[in-house]
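These notes are about the structure you will find just below.
The values are calculated or read from the model by the stated rules, or taken from the named source; none is laboratory data. Note that this is a predicted model, so its numbers are computed, not measured. Quick reminder, even Gly has a Cβ in these numbers, built from the backbone with ideal geometry, and neighbours come from all protein chains shown.
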Amino acid sequence: MRNGPLLVTFFTGALLVAFFFIPHHSAQKMQSVMLDWANVVYAFALILGSITLWTVHQRKVTSRAPGWAFSVVTLSALAFMTGAGVLQGVEEGTLVNRFYNIANYHLVSTMFALLAFFIASAAFRAFRARNVEATLLLVTAIVMMIGRVSIGEYIWQGFPALTEWLLDVPNLAAKRAIAIGIGLGAVSTALKIILGIDRSYLGRS
Amino acid sequence: MARRPLAPRLLRLDRRVIFILVALATAIPLLFPVNLPISVSPRVRAAFDTVDKQPAGGYVLMSLDYEPDIAAELQPMSISMLRHCFRKGLKPVILTLYPAAPGLIERALNEAADAEGKKRNEDYVFLGYKSGSQSVILGLGESIRTMFPTDFWGTPLDSIPMMRGHNSYADFPLVINMAGSRIADYYIQIAATRYRRPLVLGATAVMTTDYYPYLSSGQILGLIGGMKGAAEYEVLNNLVGNGRRGMDAQSVVHVLIVILVIVGNLALLLTGGLRRRGGGA
């Protein structure tokens, strides 16, 4: 029974790899069809995600679990935005568009902006020059933070050049090494899955 | 009653004091801007020059993939880029792969189009949102109409005169992606590498360094990073937008954080904490 999924994985993976290197129109057309299938899967994943979100929060509300009132807000927002979007669309002037501009935009921005406060507090408490490596990191971070903003040039003319060197030489070398490592790792992982060596996606190791 | 020495008191500084300092460091420069000068980096200049070299009437495919959390960095970038395209007489075709992005893009388009006197479906087309990031980016190489049969407002692409004869990467001499996620990687892998389209990238400040190798390899032609990059693009475009306005506040907050880090380390040094705690970072 388990050979079925393994064969599907092998043929799909092998075909998609092959399509990448075959410029012929028929191969591209076939790939386009497979991409349509992927879009259908994505659409179902979206539905599945919404149902799961609804089920989890509904359970919290019915069992009066701690924080259940927040779940009521989540469920109401999910039902309202989905309903309004389906009935009215999402164009300018619709309910979805107005609520997005009035509430969603500002709530999400505020949540992210709060990070600045916590980063400042965490930097004060945790960023310590405890050894040579930590000191090196600390000094580099200070140079980058000052050198990458407008005020850096006022403090010292050499800051922008120093930050450019840090970005173009040590940073670039490290990033290249990491990118090559990730690339090789991704290829080996993909091969293990396509060839059926790694079967963890089937639910068992 | 004898007061405790300053260093231990500093180490126990209430975090609310830090929060107030950060709030003031952000609010004061925004309320009273000093317009600190902004120097332009070679990466942003390369992005600007790439757009600037496009002939008038040329098409540009723009994928604006971000949501309100990082809009402070990427929205000024998008507005400035759109205005640059409009000024050059280019025709941007815009899409997004993020579900909460269309509202932001509508704002950016309205602002840029109003400022430059451009009209929807004549000077630009907004395709809207499509789920399936990687597969959509791949699909754009085959058929835009398959991925986006209508524009954001439901108009079939075939009935938009501007879209006639434009159906895949091959019909766009330039691709621009503003992203706060790995979607930028897919554009590099697919649009730039596989379909060999010139690509200009805009990214958040924390992501920017990840894309330096692609810039030096020539896979991307220009890179705009964070609010600083947005401000630099505004300088090149001779605009004063939220990028330039935000840089004053960002400068002061960075200096404040550096001062806090130095004060924290000095306080720990004076109390002998650095020697006692020696070890990990």
Which is surrounded by 12 or more Cβ atoms within 10 Å (Cβ to Cβ) and of a type in the set (Gly, Ala, Ser), of A:SER63, A:SER50? A:SER50
Scope region B:28-78; condition away from every other protein chain (no Cβ under 14 Å), touching a residue at least 24 places away in the same chain (Cβ under 8 Å) and of a type in the set (Phe, Trp, Tyr); matching residues: B:PHE48, B:TYR59
Of all residues making up region B:154-183, the number that are more than 30 Å from A:PHE112 (Cα to Cα) and free of Cβ contacts under 8 Å to residues at least 60 places away in the same chain: 13
Residues of region B:97-126 being crowded, with 18+ Cβ neighbours inside 10 Å, farther than 21 Å from B:LEU239 by Cβ and at pLDDT below 95, in sequence order, are B:LEU97, B:TYR98, B:ALA101, B:PRO102, B:GLY103
Those helices (runs of 4 or more DSSP H) completely within region B:180-281 that have 1 or more residues that are out of contact with any strand residue (DSSP E or B) (no Cβ under 8 Å at 6 or more places or on another chain) and within 9 Å of chain A (Cβ to nearest Cβ) are B:212-217, B:226-236, B:242-270, B:273-277
Here is a list of conditions, (1) within 12 Å of chain B (Cβ to nearest Cβ); (2) of a type in the set (A, V, I, L, M, F, W, C); (3) surrounded by fewer than 16 Cβ atoms within 10 Å (Cβ to Cβ), and A:ALA123 meets all of them except one; can you say which number that is? (3)
Only one of these is of a type in the set (A, V, I, L, M), assigned to a strand (DSSP E or B) and touching a helix residue (DSSP H, G or I) at 6+ places or on another chain (Cβ under 9 Å): B:MET77, B:MET62, B:MET81. Name it. B:MET62
Report, ordered by the first and then the second residue, all pairs with beta carbons closer than 6 Å, sequence separation of six or more or different chains, a first member in region A:136-160 that is more than 7 Å from every other protein chain (Cβ to nearest Cβ), and a second member that is assigned to a helix (DSSP H, G or I) and among the polar types (S, T, N, Q). A:MET144/A:THR163; A:GLY147/A:THR163
Of the residues in region B:16-53, those that are part of a helix (DSSP H, G or I), among the basic types (Lys, Arg) and surrounded by fewer than 14 Cβ atoms within 10 Å (Cβ to Cβ) come to B:ARG16
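Could you tell me how many of the residues in region A:97-110 are farther than 15 Å from B:GLN75 by Cβ and more than 7 Å from chain B (Cβ to nearest Cβ)?
Residues meeting the conditions: 6.
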Among the residues of region A:41-48, is any within 11 Å of chain B (Cβ to nearest Cβ) and over 20 Å from B:MET147 (Cβ atoms)? no
